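So the structure is just underneath, and the comments pick up after that.
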Amino acid sequence: MLSPYTGKEMKLVYEPRTWNFRGEDYDYIHTSYKCEDTGELFTTCESDDAGFLQVTNQYRAKYGIPFTDEIIAVRNRYGVSAAKMSVILGIGTNQWRLYESGEVPSVSNGRMIRSIMNPKVFLDLVKSTRLQLTDKEYSNISEKVQKVIAQSADYHLDAYDRRRVFSSVRGVDNGYSATSLQKLKAIMLMVLQECGEVFCTKMNKLLFYIDFLSYRQRGFAMTGLCYRAIDFGPVPDRWDRVYSEFDEIHQEPRPIGEYEGNVLVSDAIADNSLLSDGDQEIILIICNRFKSCTSSEISAISHEEPAWQKYHKDHARIPFAEAFTLKGV
């Protein structure tokens, strides 16, 4: 970003700050650009949004308020319009649309939204608004919810599958990223499409940089994984399960000097509908940065990160706040 005063390139500055949100103070990392000649700080819409999300993610996690993507997903699950969701929940005509646009619900509304993730609870609410719906609307919505109830066994099975791979629920440990097996698979397949076959050791570091760059730029991570600092660099928790979870991704032995390691290979195509434009942009940044690096080279780069140096002696989890100390990207 160029200084509006001098036209020179400005330096990115990361500063710990406190934001008062709904009467409570939350710590976050403020991102700005500093004009070296004038000392003035400038922000962008993107950096302001990332700071806001750092704060509101903490608020949502503290009070059990669903995240924006979860609010969108629950409506899509029942096939109900935003206007009708507002009617069924009794929250105002346009309120649901605001929530899907990123507005943070009140604690009471947030918990009500979380409760309707149980389709039986939602069906009770539909019945309670019977007189506010036309006969056709009531019949269609009830039928859709009944189908969801009939499929709920598969829904709970999917939750079990996620617990086998993800070591933490959505929160501070995984950068407030949703835990989605399908999205994780899409991320890994896109990495393999861009980089070719990748040793497991290198994939560990690529996913680390993808998630931490995502958090630094946008205020939330991408894969749903947590990371630990071990002797060979940052690795996802349960990384061995992660890499054996998907039938489309295979591990094959390859020699590494005097040793042998496993590479991840696939001829499957990533489902890019599961990845936002922002997701894909960050994945491409990391793949282009490290595509030509060997496993040893990217490991050496990761060892220069304060995110690894501070925590590897105890093999501790790496806090996502360390995203603002990254040197490799």
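The values are calculated or read from the model by the stated rules, or taken from the named source; none is laboratory data. What you see is a predicted model, and the numbers here were worked out from it, not measured in a lab. Neighbour counts run over all protein chains shown; Cβ positions are idealised from the backbone, glycine included. Accessible surface areas use protein heavy atoms only, side chains included; no ligands, DNA or RNA. Shrake-Rupley method; radii C 1.70, N 1.55, O 1.52, S 1.80 Å.
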request  = At 1.4 Å probe size, with every protein chain present, just tell me what the per residue accessible area of the stretch 58-104 comes to in Å².
outcome  = 41 Å²
query = So, with +1 on the Cβ of K and R and -1 on the Cβ of D and E, and no other charges, what is the size of the charge dipole of the stretch 33-179 about its Cα centre, to the nearest 20 debye?
reply = 980 debye
Exposed-loop-free span, longest in the chain, where trypsin sites (Lys or Arg not before Pro) count as exposed if DSSP calls them loop and at most 12 other C-beta atoms lie within 10 Å = 23-326
query = At a Förster distance of 41 Å, what's the computed FRET efficiency of Leu41 paired with Glu297, Cβ-Cβ distance as r, to 0.05?
reply = 0.70
Dipole magnitude of the chain about its Cα centre (Cβ charges: Lys, Arg +1; Asp, Glu -1), debye to nearest 20 = 1220 debye
key: MRE, 222 nm, helices only [DSSP H, n ≥ 4, -39500 (n - 2.57), over the chain, to nearest 500]   = -15000 deg cm²/dmol
ask   = So what is the relative contact order of the chain, in percent, for Cα pairs below 8 Å that sit 6 or more residues apart?
value = 15 percent
task = Of the options Pro4, Ile91, Thr31, report the single residue whose Cα projects farthest towards the positive end of the charge dipole of the chain (beta-carbon charges: Lys, Arg +1; Asp, Glu -1).
result = Ile91
message = Please compute the alpha carbon radius of gyration of the stretch 246-329, then divide it by the globular-protein estimate 2.2 N^0.38 Å. Two decimals is fine.
response = 1.34
task = Could you work out how far apart the two model spin labels at Glu248 and Asp69 are, taking each label as a point 7 Å from the Cα in the direction of the beta carbon, and quote it in nm?
result = 1.6 nm
Lys/Arg +1, Asp/Glu -1 at C-beta; the chain dipole; positive extreme among Ser266, Ser142, Ile256 = Ser142
ask   = What base-10 log of the normalised intensity I(q)/I(0) is obtained for the chain from the Debye formula, alpha carbons as equal point scatterers, at q = 0.06, 0.11, 0.13 Å⁻¹?
value = -0.26, -0.81, -1.06
Length added when fully stretched, Glu281-Ser108, from 0.36 nm per residue minus Cα-Cα = 58.7 nm
note = Contour minus Cα-Cα span, Ile256 to Val121, at 0.36 nm per residue, comes to 43.1 nm
note = Across Leu131, Leu12, Leu53, the residue with the highest GNM fluctuation in the chain (Cα network, 10 Å cutoff) is Leu131
key: Residue-wise HN-Hα coupling along the stretch 9-22, computed from phi with Karplus coefficients 6.51, -1.76, 1.60 (Hz; x: Gly, Pro)   = 5, 9, 8, 6, 10, 10, 10, x, 9, 10, 10, 8, 10, 6
Computed over the stretch 96-249, the ratio Rg/Rh where both radii use C-alpha atoms and Rh is Kirkwood = 1.08
key: Sites Glu197 and Phe52 - FRET efficiency at Förster radius 30 Å, r taken between beta-carbons, to 0.05   = 0.15
Two-site label geometry, Gln182 and Thr6: point separation in nm, points 7 Å out along Cα→Cβ = 5.1 nm
remark   = Taking a crude spin-label model, label points 7 Å out from Cα along the C-beta direction, the Arg163 to Asp240 distance in nm is 2.2 nm
request  = For the chain, give the percent of accessible area contributed by carbon and sulfur heavy atoms, probe 1.4 Å, rounded to a whole number.
outcome  = 50 percent
